[in-house]
1. Could you tell me which residue of region 51-67 is surrounded by the fewest Cβ atoms within 10 Å (Cβ to Cβ), considering only residues that are modelled with pLDDT of 50 or more and more than 19 Å from ILE80 (Cβ to Cβ)?
2. Which members of region 127-139 meet the condition of being under 29 Å from GLY21 (Cα atoms) and open to solvent by 50 Å² or more (accessible area, probe 1.4 Å)?
3. Please work out which residue is least open to solvent (accessible area, probe 1.4 Å), limiting yourself to region 19-44 and to residues that are over 12 Å from HIS71 (Cα atoms) and of a type in the set (Asp, Glu).
4. Give the residue that is modelled with the highest pLDDT, with candidates limited to residues of region 174-201 that are over 15 Å from TYR110 (Cα atoms) and surrounded by 10 or more Cβ atoms within 10 Å (Cβ to Cβ).
5. Do any residues in region 133-161 that are under 14 Å from GLU172 (Cα atoms) and not assigned by the TED database to the domain that holds VAL26 have Cβ atoms under 7 Å from those of residues that are crowded, with 18+ Cβ neighbours inside 10 Å and hydroxyl-bearing (Ser, Thr, Tyr), where the two are at least six apart or on different chains, and which pairs are they?
6. With the structure loaded, tell me whether VAL130 is within 30 Å of PRO27 (Cβ to Cβ) and modelled with pLDDT of 90 or more or whether it fails that test.
7. Which ones in region 58-113 are part of a loop (DSSP other than H, G, I, E, B) and of a type in the set (Phe, Trp, Tyr)?
8. Given the conditions (1) open to solvent by less than 20 Å² (accessible area, probe 1.4 Å); (2) of a type in the set (Gly, Ala, Ser); (3) in the same structural domain as VAL165 (by the TED database), which single one is not true for GLY78?
Amino acid sequence: MSSDPRTTTFRGSSNDFNLTGLSSQVPYYREALYTILDYQVETAEDNGGGGSGSSNGKGKNDLPNKALLSHSAELLYGLIHARYIVSKGGMTAMASKFERSEFGICPRYYCDGMHLIPVGATDIPGQETVRLYCPCCNDIYLPSSSRYLNIDGAYFGTTFPGLLVKMFPEIENQCKLRINKVNQDNFGLRLFGFRIHESSASGPRMKWLRQFPVGPEEKKEFDDCELTIPTVVDSDYEITASEDLQGEADLDDDRTMASEGM
C-alpha cells in the first residue's frame with residue numbers, strides 16, 4: 001500500500017468483530033461483502049433491469065446496479081480497513097510503512113523529516129479526506145499529493161495515530177531526540193536580530209506544541225491535565241478576571257500608535 005487502503009492486503013472480512021455494525025452504514029451490505037470476497041454478485045444489469053438503486057425497502061427483485069455496488073464495496077472495504085489497522089496485525093503492518101516513510105515527512109524544518117501518520121478528521125465516511133499527522137509537532141497537514149484526494153479519512157479513523165504512538169514508544173523517543181537536538185531559543189521570527197516576544201500578536205504563540213514536560217513537577221502537571229481539567233482556585237480566577245476586564249477597558253482596537261501623536 002502506498003497509503004492507499006484499497007491496495008492493502010484484505011484481511012479480517014470473515015471476522016465478525018470487524019463487520020459489527022457495518023450493515024447499517026453500507027447499502028447492499030451483503031452484496032458488497034461478496035464483491036470484496038470476489039464472489040459472483042447478480043446486479044440489475046445482469047437481470048435485464050435498470051434497478052431502483054435504493055436499499056430502503058429492498059424487495060425480492062430489487063438488485064443494485066453496478067455503480068452503486070462498486071461504491072458500496074469501496075465504502076465497506078474502507079471501513080473494514082479502519083478497523084483492521086487498529087488490530088495487532090494491522091498496527092504492525094502500518095508501523096512498517098511508517099518506518100519506510102511511505103506516508104511522507106513533516107514539512108516543518110525543526111521536525112527534521114519526522115515521518116507522518118495518516119489520520120481521519122472524523123470517523124463518519126464522506127466528510128473529510130485523509131490527513132497526515134506529525135507526532136513531533138502534533139500538527140495535522142493536508143497531503144501534498146493528489147492521490148490522497150480520493151481517499152476518505154474515515155478509512156483510517158481518528159484512533160489510529162494515537163494508538164500507533166502509544167503501542168510503539170520508540171516513535172516518541174524519535175520526537176524527543178529531534179526536539180532536544182534543536183535549540184528552541186533560535187526558533188521564531190526576528191526583527192533586526194531581536195527575537196519577537198511570544199506574548200506579541202505576531203510572536204511564536206504555537207511554541208507550546210513543540211514543548212515536552214521537563215522535570216517531575218511539569219510531568220505531574222502534564223499527567224493531571226491529560227485526562228482531567230485542572231481545578232482553578234476561585235480567588236485566583238477572580239483576580240485574573242478582574243485584570244482581564246481592566247485590560248479590556250483600556251484597550252481600543254481602533255487606535256494605533258500613529259494616531260496618538262496627532
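1. Let us first name the residues in region 51-67 that are modelled with pLDDT of 50 or more, namely 61-67.
Next, from what is left, pick out any that are more than 19 Å from ILE80 (Cβ to Cβ): 61-63, 65-67.
Working: ASN61: 10, ASP62: 16, LEU63: 22, ASN65: 18, LYS66: 14, ALA67: 12.
Residue satisfying both the conditions and the ranking: ASN61.
2. Correct list: GLN127, GLU128.
3. For region 19-44, the residue satisfying everything is GLU42.
4. ARG195
5. PRO161/TYR133
6. yes
7. PHE103
8. The failed condition is (3).
The values are calculated or read from the model by the stated rules, or taken from the named source; none is laboratory data. Values in this document were obtained by computation on a predicted structure and should not be read as measured data. Using ideal geometry, Cβ is built from the backbone for each residue, glycine included, and neighbour counts are taken over all protein chains shown. Accessible surface areas use protein heavy atoms only, side chains included; no ligands, DNA or RNA. Shrake-Rupley method; radii C 1.70, N 1.55, O 1.52, S 1.80 Å.
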